[in-house]
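In what follows, a structure is listed as structure tokens, so that the remarks can point back to it.
The values are calculated or read from the model by the stated rules, or taken from the named source; none is laboratory data. Just so you know, these numbers come straight off a predicted model, no measurement behind them. Cβ: placed from backbone, ideal geometry, glycine included. Neighbour counts: every protein chain shown. The accessibility values were calculated without ligands, DNA or RNA, using every heavy atom of the protein model including side chains. Shrake-Rupley method; radii C 1.70, N 1.55, O 1.52, S 1.80 Å.
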Amino acid sequence: MPCERKPMRYGHSEGHTDVCFDDAGKYIVTCGSDGDVRIWESLDDDDPKSINVGEKVYSLALKNGKLVTAASNNTVQIHTFPEGDPDGILTRFTTNATHITYNSSGSRVAAGSSDFMVKVVEMYDSSQQKTLRGHTAPILSVTFDPKDEFLASASCDGSVAVWKIEEQTQVTSWPLLQKSNDVINAKSLCRLAWQPKAAKLLAVPVETTVQLYQRDSWAQVGTLSDDLGTQAINVVAWSPCGKFLAAGSIGGLLTVWDVESKLCVERQTHEKGYTVCGLVWHPSGGQIAYTDTEGCLGVLDGLSSSSSTTASSTTTKAPASYDDLFDDDDDRPMDEGISEGARSPAKNPGDDDDDDDLIPATGRARNRSAFLDDENSLDTGSLKQGLDKFVDDDDAGSAVVPPAAVAAPLRPVYDGPMPTPPQKAFQPGSTPAHLMHRFMMWNSVGIVRGYNDDQDNAIDVEFHDTAVHHAMHLTNSLGHTVADLSQEAVLLACPGTDELASKLQCLHFSSWDTNKEWMVDLPKGEDVQALCLGQGWVAAATSALMLRLFSIGGVQRELFSLPGPVVCIAGHGEQLLVVYHRGTGFDGEQALGVQLLQFGQKRRQVIHGEPLPLSRKSHLSWLGFTAEGTPCFIDSEGVVRLLNRSLGNMWTPVCNTRDNCKGKSDHYWVVGVHENPQQLRCIPCKGSRYPPTLPRPAVAVLPFKLPLCQTTTEKGQMEEQYWRSVLLHNHYGFLSSSGYEIDEEGQSQAQKEQQELLMKMFALSCKLEREFRSVELAELMTQNVVTLAIRYASRSRRMALAQRLSDLALEKANQLQGEEPQEEEEEEPLQYTRRNTGYSQSSSEMGADRQHLSHRQAQEEEVDEEQGQEEHMDEGDVAESKRQGLNPFAKGTAASPEKPSPRPVTKEGRVNPFKVSSGLGRSGSAVGQNRVTNVLDSMMSSSKKPTALQSSSGSMGTLNKTPFLKPLAPRPKTKTQSTLLHMNAPKAANKKAAEEREPAVCRLKQTEAPPQASPAENVENKKHKSGFQLWLEDNRRIILADNPDLEETDVIKEAIGRFRTLSADDRLTWTERAKGQSGDAADMKKRKRGEERRGDKNGQSEADETRQSEADETSAKKKKPLDTSAKLSAFAFNKN
């Protein structure tokens, strides 16, 4: 007999087994139902090495020293070979993988699974996966095209499919097999095999035959059968040369065909008739190893010689030498077979062309003769050398292929970039639809789970907060595949079938009536591909490139066409975000566009289909909104991008989840994004891209980090913190402009943090002698913090910097005054962003100033007697500056001597460093720094111009909530001070008084800001009345008699109008009368204080007052410089 069947060896427990050789053919590797992989040096090996990889092993493959196994724990694992050390998990499925195989180079692995999926995974990076979906039953087998272009798969659904790997699309499919519901019930394992090297033929075992299909045309070109084969063929395998095909059947029959002649050249029967379930050729082509369903391993030896004899008309001597080649282990030279072998090429020199028509690879006889020719030039011919030469010659033998292959294609070859397959539509927050147990939605409201197995087809809805609604269990009789969940409703949709239309179903559980459910059928041929819920509305994107809007109660609203096939949509409040394909991407890129629509009273499109910026060669994996309503998306590379409304609606990367992954195949599955606190809520998935439904996965929290440069340095860290704070607090302005209530305390806190960071960066730049950079940082500061920076520069003796900062402060003051009247007129909702980035004084800063109102009022009472004004400025100027606006910059330049300097952070809480700060010029002069005083004096004198220039409309614009209170509070106070201090203040105090005048006025301006201070209730008004107030008291009855229905605020408005119509002389008379009353009131106040302190009514009071004033001045001059310097530096260099 030319072929020898060796006795079988027991290898594994009863059940399914698989077998393969290593690359060199030195080892046989088997696996079985006992969960072990065994490594045999030969069939006679009595102690094979064993590796346990799981409870059961279904399939294995080995190449390049990497052993991959499909185990029963739903994973494809990698082990090193021959050591057997674990080397990670290549990929995961939701059920067990049924078959795995390498491509010809060993760079990729294909795996088929019982969850109907085929995955193609790169060995160098397991995160690079391609998923082939289309089968509707478990996968039986997979095989790679040797050219790595196609992949063939067989499934229990009865079909054999061919896929284009890069495009992840099905090229063709043949319904050849008997259908079954699982691999164990399948009639045959249908192990497909692709012809090596030439890759022209695909062998498919169908019943008792093997059908051959030609590549590219996919036509059946032949059938191999054996008359003795009565049972179905289970597994087929090609010889390494591609000339012969071996098959193992359910009845234990082993058959080898010569594919060219379609003749059976070898036939053997299993010694016990068990089913053959594993079959593989030795890399040399001289052996076949096979395993059966009882766990035994067998070998057929000497196949090449018998095949060669049948296939070519050589003499009987050649097989003898050929057998010797494989049987002898000594190094003796080759004998008489050389001459016979040398003649064999001459016998069929013209066969090459015929072979190329069908089988381009050379026949075994030619390989043998070439091997003998090569060996003839050597002195010795050991077995090892012979094997190596034989293997090499297989490669050389196929050198006849290129001429035929080159001649075949006549069409032009395209070498440009290849188009990328478009990403399919998906629902953010859901796992793939083919899974039996899956998440249909996981968001900040709750979780929707879908179950589709033999027992149940149902949907469970669970709420994170059970106060919203109790959990629900819904039967999924319609086969819903997409879902969304909000505080108001559950939204479900199913695809259409031939009989039924696609349906949209809404369970409106927050409805106040009893009928809480509605459903709508879409037009025939139109399927829902994506859906979302907003506040009071529902949106569904369909396969007809339409986006349909409904009210939450089921009323059909607008519908409009999309520019391309939808990828996904997301809703939040009154915003709708739509992502679609703009066109075809190339070289792995997706070309996606994005639209952002704003509903509500004023409907508009915020983003008009701009490209969505993804990472290189990635696809969109999640789309949604932060909890605060900012659009956000995540791509397959793990980069999280947030819409930056302050930068013209650009997308800014704020986090990369891959930075937190430990392994290459680990991922984070996102369920929510929050801006305050700054966190990304997601589920860690080890070795996969999405989590299993059971056990319930735990949610992890990842921090945000902007990818700025050099974030390891102190400067880089502070810059990252600052810009992250600016970006993630833009939502305050958006929400307030949209009419929502906002957390003003949080906003002011964020503003304070940003300004503190700017001040720290400013101090660091000064420390590093970077004065230009310091000015750049000061441009980002609010006006009060610029004042603090001026102080810091002055203390650091950086006079040029202080001068530039004072110019900047003045410019900011002018800019602020110019903006105030415009704010009332502007209606563009996104203008709020300028304030949030620190380029102008923000509303939160004003709010913070208002919080210190009561404290300042208490200070004002003590300061009343000590404030003067310059002699050259007459009373008319004071009144005019009061009636017009004030220079806001003056807040920071001077204040009462009683006011402490800014304090560093204490345990009780942060002190706002942006409050009105204490006297700057005075402290400067105290230390004898005349240059500093000059800088600040010039700033003060120049800052009076905008004070006089500011229009009254600007003031009214700032206080637009209470315009009618504008004239009531400020004027009498200023005039009282001017009258009293003209009489009492010595000339030496004039300069100090001038510096203190403007901050006092600023404080008064803030004092009158709260609307509740009506003239009847205002304590200040009771003490010092203005001329207008006196006139109003006399004429109130007349106004009320004329207009009895007027409210108090309307009475004051009417009175202002009438008072202005009086002649100038009449108004002056009322003003003079008010001055007289104010003077008397002030004198009374002084006399009362005198009585309380000393009991003296007149002279003693004035003496004490003068002494007190001098003492205050002296203490201020002594203490303030030290306090300011120490505390300022403590704040500026505070590392915490």
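Quick notes
- Computed from Cα atoms alone, the Kirkwood hydrodynamic radius reported for region 235-296 is 11.7 Å.
- Element breakdown for region 428-499 at a 1.4 angstrom probe: carbon and sulfur atoms account for 49% of the accessible area.
- Assigned charges on the beta-carbon of Lys, Arg, Asp, Glu; region 138-236 dipole about Cα centre (debye): 100 debye
- Length-normalised contact order of region 54-189 in % [C-alpha pairs under 8 Å, at least 6 apart]: 14 percent
- Counted charge near H12, where neighbours are those whose Cβ lies closer than 11 Å (Asp, Glu -1; Lys, Arg +1): -3
- For region 501-563, the alpha carbon convex hull comes to 80 Å³ per residue, rounded to a whole number.
- In region 1-96, the GluC sites (Glu not before Pro) that fall in loop regions by DSSP, at most 14 other Cβ within 10 Å: E14, E41, E55, E83
- In the context of the full set of protein chains, region 580-671 has a per residue accessible area of 41 Å² (1.4 Å probe).
- For S159, solvent-accessible area (1.4 Å; no DNA, RNA or ligand), Å²: 20 Å²
- Using distinct alpha-carbon pairs, which all enter the 1/r mean, Kirkwood radius of region 685-726 in Å: 13.1 Å
- A 1.4 Å probe run over the protein chains yields, for region 504-544, 45 Å² of accessible area per residue, whole-number rounding.
- Selection from G534, P412, S510, by position along the positive dipole direction of region 400-543 (Cβ): P412
- Measuring nothing but protein heavy atoms, the accessible surface of region 16-90 at 1.4 Å probe radius is 42 percent carbon and sulfur.
- Rounded to the nearest 20, the Cβ-based charge dipole of region 636-758 about its Cα centre (Lys and Arg +1, Asp and Glu -1) stands at 800 debye.
- Orientation-averaged projected area, Cα convex hull of region 208-266 (nm²): 4.1 nm²
- Ranked from largest, the principal axis spans of the Cα set of region 88-141 equal 29, 21, 17 Å.
- Based on the convex hull around the alpha carbon atoms, region 1-127 presents an average projected area of 8.7 nm².
- Oblate is the label for region 691-762, because a/c, from the alpha-carbon gyration tensor with a ≥ b ≥ c as root eigenvalues, is 1.5 or above and a/b does not exceed b/c.
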